[in-house]
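Working notes, structure below.
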Amino acid sequence: MENKKLGTLMLVFSLVFAGFLLYFNSALNQDFVEAGCLLNEECRGIDNNIGAVHFGFGFFGFMLGLAFYLLLFNKTDERIMKRLENDRDAKISADKFSILLQALDPFEQKVMKAVMAQDGITQNTLRIRTDMSKAKLSYVLQELERRNLIKRERKGKTLAIFLKI
């Protein structure tokens, strides 16, 4: 939003500046004609001022282009803000997860990390990844489900495990 305000301000400034340049240029041209300039000393001073006017028109073009860019094309602020918000949300999620892990025993931590890495992991795959027996894994999963940290859903002949947090 700030870019639109800045672009509008620059557009107004550049238009006022262009008006000033046009007035100054016409006054210089009038002086040039009145002096009957060919190549005498008086004409060289006027000619130097006309060079400054040309520089001013270049500056005007730059300001006008920048104003239109800020008004119409620059959307980086919105993308930067969205990316910062996403990064902040991901960091908050990771922090919450690490705090939660501190309250669990090592077996539960292993299971939660594996489920976090692959949400919807099957119980058979989880058993292989965590290197636990079926009985131990079943007990850990029951405990985590009782605490409302995971949910198990039937997937064929096995169960898929999902995080609830």
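Every number here is computed from the coordinates shown, using simple stated rules; none is lab data. This is a predicted model, so every value here is computed, not measured. Cβ atoms come from the backbone with ideal geometry, glycine included; neighbour counts cover every protein chain shown.
Annotations for the structure displayed:
- So PHE68, is it of a type outside the set (A, V, I, L, M), in contact (Cβ under 8 Å) with a residue 12 or more places away in the chain and under 14 Å from ASN3 (Cα atoms): yes
- Those residues of segment 108-165 which are among the hydroxyl-bearing types (Ser, Thr, Tyr) and without any contact (Cβ under 8 Å) to a residue 24 or more places away in the chain, in sequence order: THR125, THR130, SER133, SER138, TYR139
- Test: residue in segment 150-163 that is closer than 16 Å to ASP105 by Cβ and among the charged types (D, E, K, R): no
- Residues located in segment 68-107, provided they are of a type in the set (Phe, Trp, Tyr) and closer than 30 Å to ARG127 by Cβ: PHE97, PHE107
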